[in-house]
Structures are given as C-alpha cells and as structure tokens.
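Encoded as structure tokens, the structure appears first; notes follow it.
The values are calculated or read from the model by the stated rules, or taken from the named source; none is laboratory data. Being a predicted model, the structure only gives us computed values, none of them experimental. Cβ atoms come from the backbone with ideal geometry, glycine included; neighbour counts cover every protein chain shown. For accessibility, only protein heavy atoms count, side chains too; no ligands or nucleic acids. Shrake-Rupley method; radii C 1.70, N 1.55, O 1.52, S 1.80 Å.
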Amino acid sequence: AIQPVIDDPNFQPSKIQSVSSACTAMCQWTRAMHTYHYVALEVEPKRIALAAASAELKEVEGKLEILSSGLKELMDRLAKLDADFTASVEKKDALAAKAEDCNVKMDRADRLLGGLGGEKVRWQETVVNLGKMMECVVGDVIVAAGGIAYLGAFVATYREHQESFWQQQLVTYSIPSTPGAGMR
C-alpha cells in the first residue's frame, strides 16, 4: 500500500526540501523504513538459517569435544602401550644377551670339563704312583742320604755297588724302596 507513494517522483527528499524541512525528514524516514522492510524480508531467512547453523555448529562442536577427549584418551593409551612395548623389547634384548652369555659360558665350561675329564685318568694314575712313591720315601731317602754322606769321594762303579748293597739290606729289613733309587 505504500509502494505507490514511494514510486511517486515528487516524493523525493530533494523536492520536498523546497517545501518543508520537517516533511523532508518524514520523507527520508519513510523511504528508509521502506528500504529496511525489504532488507529485513531478505535478511530474516538468513538470520533463521544462521540460528539453525549456529545450533548445529554447537551440537557438532559438542560431539567434536567428546570425540577429541576420546581420541586423547586413546592416544595416551597408545603412548603407554608403545612405552611398554619398548621396555619389553629392551628387556627381551637384555635377556637374549644374558642367555647368549650363559651359552658361551656353558660351552666353555663343557670344554673345560671335557678336557679335565681326560685328565682324570692321568690324575688317578698319578695319585696311585705318588702313593707308591710315598711308601718308598723312607728307603729312597736312606739310600740317597748314605750316598751323599759316604760315597761322594768314590768312583761310580763302587758307588753303584754300594747302593745295590744298601737296597738289598732294605729288602732284608722289609723297608720298601724304589728299585734303582740312589744318587743317579
């Protein structure tokens, strides 16, 4: 209903100014309100759309916050699992190194025991021989001491003859001695 007035070429503030300054202000206000009405009609759906978009944004941001906190929780858990995995791998490597060290030591011990096992027979024979020699120590010392004390100045044949005689005497008195023991 106001459109015909707005379209009238005489309803212009510049033309009305020549008649009345108060009417000029009324003319400007009317034209401004007419323009506002059409702008408001154009803007109102955009305001409604903005309000709906803002509500949707708020809802999506809420969901995003929930998902972000879940993601942070998962990332923290993943970091802990990664740290546990790294620690387990380091522990496994350390245990593998210890196992390898133990295997090397076991191998060395087996070789040593194998080597010593062969020596066992020789040691047993040596112990038996030393036992026999211990039985003969007294007789052997008698012959050797006699040779040192009495036979040093004599020739070799006399010394051998005298040592044989002493050995026979030891047999007579049942004193064990090593055959051929003497100064030789």
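Some observations on this one:
- Once all protein chains are placed together, Val141 keeps about 90 Å² accessible to a 1.4 angstrom probe.
- CD proxy at 222 nm, helix term only [per DSSP H run n ≥ 4: -39500 (n - 2.57); per residue of the chain; nearest 500]: -31500 deg cm²/dmol
- Per-residue SASA entry for Tyr36, accessible area with 1.4 Å probe, Å² rounded to 10: 130
- Net charge contributed by nearby residues that have their C-beta within less than 14 Å of Ser68 (K/R +1, D/E -1): -2
- The angle separating the long axis of helix 21-150 from the principal Cα axis of greatest extent in the chain is about 0 degrees.
- Taking all protein chains into account, the per residue accessible area for the chain stands at 81 Å² (1.4 Å probe).
- Principal semi-axes in Å for the range 1-84 [√(5λ), Cα gyration tensor, largest first]: 63, 12, 7
- Whole-number percent relative contact order across the range 85-184, with pairs defined as alpha carbons under 8 Å at least 6 apart: 31
- The solvent-accessible area of Phe85, taken with every protein chain present and a 1.4 Å probe, is close to 130 Å².
- Apolar share of the accessible surface for the chain: 66 percent from carbon plus sulfur atoms, 1.4 Å probe.
- The range 106-175 versus the range 1-56: alpha-carbon centroid distance in Å: 141
- Exposure ranking of Asp107, Asp7 by accessible area [1.4 Å probe, largest first]: Asp7, Asp107
- With only the Cα atoms considered, the chain has a convex hull volume of 367 Å³ per residue.
- Residue order by solvent-accessible surface for Trp29, Trp123, Trp166 is Trp29, Trp123, Trp166, largest first, with ligands and nucleic acids left out and a 1.4 Å probe.
- Once the C-beta distance of Gln169 and Leu113 is scaled by a Förster radius of 45 Å, the resulting FRET efficiency is 0.40 to the nearest 0.05.
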